[in-house]
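Read the figures in this text as sums done on the coordinates, not as results from a lab. None of the values given here were measured: they were computed from a predicted structure. Using ideal geometry, Cβ is built from the backbone for each residue, glycine included, and neighbour counts are taken over all protein chains shown.
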Ligand code: PMP
């Protein structure tokens, strides 16, 4: 009998609905998920995995958290979508506006991709400029303007500059290396008055986790102000993942526009973009920048997101998550090094990446020079031990509230056995 993986490849490109799921970055065949519970995934062969992919970030409480499941079930009995306003949308918008600096008005959408596409449209609309600037190895979804030197799956698949993006559009996207203030200054000196916006991950997560170096974010803010460009802080991954209110709140940033998704949707298809009222008032129906969505602000999705946000908004939630993440990352590095392996990690909040390199990378180039062959071996070794790490060296791992001390210890013991074979 044909397996689901064989059947999948006949009817889905590469057998998947998002490239990284294919395991092309690490080789081998993906497993098929039957269910998730807390920190665990269970596949259709009855195998159990400690999950550090966590749907690539949304599941900060773990799989199938009872409060989130209850909120979804309850809302579902009241209807799945209306095409008319609901209280839930207002509650979500108010929650986000209260939490995120610079967010005065927000529009809900259905994915991170939609959020970044719309934010760029707003920036181009209000500035009357066409060029945008992004950082090499950052990923901001698959909008045409953003698939230029893109990270995440685009880097893993070897297509950072996608075919099918009109040349005329790609040429409007400038790129500089992450953390490179000199390169940034040079570009702004040359064409700063043509740049509508800088879009960036305040902590890069799509080249693996890469932290902003001291002064980097300040320089971006200063240059965008000086040249009249908007600063779009893409917090799709970092939003409510590194801190309540995201990296903007953690670092005290003053973004013009912010993009959100993942954690605010708790695993439902949700995104959001927003910022200063003066900019968001340009969005239809108030203004001439058009953006819309049949399922935007979907009541089931809003109920899920609100339940999760409510649950995590308590003192100590993030300090505990960060502590857990840091312990895991630091212990992995220590144990790897004890086996003579060159390994390092970048960590913040509930995000970390293990790199097979002496020093923690500071940009995409340095990530590219880490030992990817070793990462692949590590990934498969861990999978055999029942631990699911991201299937690419260009991704971030996401511990959750549900990852107990015991799950962390089990992961470290598995890693000890795997490091021995590397
Ligand atoms: N921006 C960032 C920073 C992301 O990490 C991602 C997805 N990983 C996106 C945008 C795109 O989001 P989505 O996959 O929901 O379209």
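Some points to look at:
- Share, in percent, of DSSP beta bridges within segment 67-312 that are antiparallel, nearest 5: 35
- Taking every Cα-Cα distance in segment 331-422 and sorting them into 5 Å bins from zero, the calculated P(r) comes out as 3, 14, 25, 29, 19, 8, 2, 0 percent.
- Among 63, 403, 369, 140, the order by Cβ neighbours within 10 angstrom, fewest to most, reads 369, 63, 403, 140.
- Percent of Cα pairs exceeding the 34 Å cut-off, where the set is segment 67-312: 13
- Using the rule -39500 (n - 2.57) for each DSSP H run of four or more residues, divided by the residues of the chain, the 222 nm mean residue ellipticity is -11500 deg cm²/dmol.
- Of all beta bridges that DSSP places with both ends in segment 177-274, some 35 percent have antiparallel geometry.
- Ascending count of other beta-carbon atoms within 10 Å, so fewest first, for 276, 67: 67, 276
- Mean-position separation - Cα centroids, segment 206-228 and segment 121-199, in angstrom: 14
- Centre separation in Å (Cα based) which lies between segment 375-422 and segment 269-330: 28
- Computed from Cα atoms alone, the Kirkwood hydrodynamic radius reported for segment 263-338 is 16.0 Å.
- Ranked list, fewest to most other Cβ atoms within 10 Å of each Cβ, for 88, 230: 88, 230
- Residue 169-residue 286 pseudo-label distance in nm [points 7 Å out on the Cα-to-Cβ vector]: 2.7
- Antiparallel DSSP beta bridges within the chain, percent to nearest 5: 55
- Per-residue extension of 0.36 nm, minus the Cα-Cα distance of residue 409 and residue 161, leaves a gain of 85.3 nm for this segment.
- FRET E, pair residue 70, residue 189, Förster distance 41 Å, beta-carbon r, rounded to 0.05: 0.15
- Against the empirical curve 2.2 N^0.38 Å, the C-alpha radius of gyration of the chain lands at a ratio of 0.95.
- With 0.36 nm allotted per residue and the present C-alpha distance subtracted, the residue 384-residue 218 stretch has 55.4 nm of extension available.
- For segment 233-390, diffusion coefficient by Stokes-Einstein and Kirkwood Rh (Cα), 20 °C, 1.002 mPa s, µm²/s: 117
- Segment residue 316-residue 373, length gained on full extension (0.36 nm per residue, minus Cα span): 16.7 nm
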